[in-house]
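Structure, as structure tokens:
Every number in this text was worked out from the coordinates using simple rules, so none of it is lab data. Quick caveat, the model's predicted, so the values are computed rather than measured. Note that we place each Cβ from the backbone using ideal geometry, even for glycine, and neighbour counts take in every protein chain shown.
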Amino acid sequence: MKICRILGIALLACASPGVAAPVEMVQGHAPDGTRFYEDSLVIAASPAALFRGFSDPAEFRKWAAPISAVDFRLGGIVEASYDPAGHIGGSDNIRQAIIAYVPDRLIVFRNVQAPSGLPGRDVYPQTVKVIEFADRGDGTTCVTISGIGFGSGRDFDKLYAFFQPGDGAVLKALDAAYGSRK
């Protein structure tokens, strides 16, 4: 599930800080009939630190993917390879276009290239990944990763089954990297 480390709407009532809480998960249908999911976790770090974990190339390499490039701007690309022999520009890398962001609060990605082995790879560009950082005012941040736009059909079903639980692993990795920093 390493592929999902860089991927990724409503905020959930997350567990109290200091409590080893599981990732909160919600699934549902949007008004247009597509499916969505939300995975949330409270992390003992500031929204600014967690946002930098996605937007700063050196920070992203530390926790998400050592073989990666981040061009953080509207229309920019986040690219990663989880193959130790991989390289930037590889045809089996994952590439996400940044379609929106609000500093320290929100990042929205759309897939533009996925590894050949990803279940539902061909429909992945029809979905969007939203990452929200909600300051709880107590030195913690509720981070929510939402996947939206999952239509019907076998390819969407496979893609949804892959990412819905997978983004919880992204949140846990983010917590392991930043949870002790404030």
Checklist entry - Where in the range 95-125 does the label zone of Arg154 land, with the point 7 angstrom along Cα→C-beta and an amide N cut-off under 12 Å? => result 120
Item to check | J(HN,Hα) series, the range 60-77, from Karplus relation 6.51 cos²θ - 1.76 cosθ + 1.60, nearest Hz, glycine and proline x | outcome: 4, 4, 5, 10, 9, 7, x, 9, 7, 9, 10, 10, 7, 6, 4, x, x, 10
Checklist entry - When a footprinting reagent is the concern and you count Cβ atoms within 10 Å, what order do Arg61, Arg35 take, fewest first? => result Arg61, Arg35
Checklist entry - What does the convex hull of the alpha-carbon atoms of the range 63-170 project to on average, in nm²? => result 7.4
Checklist outcome for this item: Taking placed amide H atoms and a strict 5 Å upper bound, the residues 5 or more places from Gly76 or on another chain that come that close are Ile98
Next on the checklist: Using only DSSP helix segments of four residues or longer, with each worth -39500 (n - 2.57), what per-residue ellipticity at 222 nm results for the chain after dividing by its residue count and rounding to 500?
Outcome noted: -7000 deg cm²/dmol
Item to check | Calculated P(r) tail over 21 Å for the range 26-113, as whole % of Cα pairs | outcome: 40
Item to check | Two-decimal ratio, the range 111-156, of alpha-carbon radius of gyration to 2.2 N^0.38 Å | outcome: 1.56
Next on the checklist: Output wanted: per-residue J couplings in Hz (rounded whole) for the range 80-96, from phi through Karplus 6.51 cos²θ - 1.76 cosθ + 1.60, θ = phi - 60°, x for Gly and Pro.
Outcome noted: 8, 10, 9, 8, x, 8, x, 8, 4, x, x, 6, 9, 6, 9, 10, 10
Checklist entry - Ordered by residue, what ³J(HN,Hα) values in Hz, to whole numbers, does the range 43-51 give under the Karplus form 6.51 cos²θ - 1.76 cosθ + 1.60, where θ = phi - 60° and Gly and Pro are x? => result 10, 7, 7, 7, x, 4, 5, 5, 4
Checklist outcome for this item: Spelling it out for Gly151: with amide H atoms placed in the peptide plane at 1.01 Å from N, the residues 5 or more places away or on another chain with amide H under 5 Å from its amide H are Arg35
